[in-house]
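One structure is given here, and the rest of the page talks about it.
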Ligand SMILES: Cc1cc2nc3c(=O)[nH]c(=O)nc-3n(C[C@H](O)[C@H](O)[C@H](O)COP(=O)(O)O)c2cc1C
């Protein structure tokens, strides 16, 4: 809280609180002591964070982070679109999500968003970047499904789009929903998405109702760490960049 308060006193425009996992089982839990948004009982504690950010004039955003391939930290498995093996042994063995589990997970994201708004946050951010669950669906590297949640770009992005739409329904159209996406995946040499496909997911997010796209640092922020720097990145180099189209756009790339 003290650290957040120092940041909010700098005059920051948007402050995003650390990602909270949305599900009761802890499949989304990516690290010990991660925040949870899986129960109404956490609303009062989160309200203290929201109140402090709001008091200092920033837009307060609560991130919802389902770990996917990196999740299940206290379980003996993690969930993914398909059971693509881990490349790093310390992560949990993956289990393919059934369609009913996908629908449940969409609802859990919407309920988590509702709790964040009830706690006093202005909006929420979902995590379709790095190697978290939503990006596991987006990525050709981890999504080997052949049903309507796999194969084409449109099908791979369906889960993300459904999460955005369910959140919008749960919290209303006037509350910002930010989608954090990979600007580049840097896994294309290993069967992952190309930069052009990454751009397609941004367009899909916008179409589904996203108010803002957040990109992690432009050389990519992926796991396992890339073995090369991006030579094909369509984004400017340097520190974190964002394409902002809030309230409507896209207007600029920084
Ligand atoms: C300790 C730590 C925790 C982080 N937690 C999150 C997180 O919950 N959600 C997120 O989107 N990024 C998270 N990040 C990534 C940062 O948002 C940022 O992308 C990264 O630190 C690189 O930016 P920088 O060079 O400005 O630090 C975290 C980074 C660090 C070092």
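Worth a mention:
- Largest GNM mean-square fluctuation across 15, 213, 167, computed for the chain with C-alpha springs under 10 Å, falls on 15.
- Shape analysis of the stretch 62-187 places it in the prolate category; the axes a ≥ b ≥ c from the Cα gyration tensor give an a/c of at least 1.5, with a/b above b/c.
- Ascending count of other beta-carbon atoms within 10 Å, so fewest first, for 198, 105: 105, 198
- Long-range Cα-Cα pairs in the chain (distance over 22 Å), rounded percent: 52 percent
- Packing rank of 18-30, 146-158, where each peptide gets the mean count of other beta carbons within 10 Å, highest leading: 18-30, 146-158
- Three-way shape call for the stretch 46-130 based on the alpha-carbon gyration tensor, with the a/c threshold at 1.5: prolate
- Contour excess over end-to-end distance, with Cα ends at residue 48 and residue 203 and 0.36 nm allotted per residue: 52.3 nm
- Mean Cα-pair separation over length for the chain, i.e. relative contact order, pairs under 8 Å, 6 or more apart, %: 15 percent
- Antiparallel DSSP beta bridges within the chain, as percent of all bridges there, nearest 5: 15 percent
- Global geometry of the stretch 1-150, whether rounded, prolate or oblate, following the gyration tensor of its Cα atoms and the 1.5 cut on a/c: prolate
- For the stretch 1-76, fraction of C-alpha pairs farther apart than 19 Å, in %: 40 percent
Bear in mind that the values in this text are calculations on the coordinates, not laboratory data. Just so it is clear, the structure is predicted and the values come from calculations on it, not from any experiment. Note: ideal-geometry Cβ built from the backbone for every residue, glycine included; neighbour counts use all protein chains shown.
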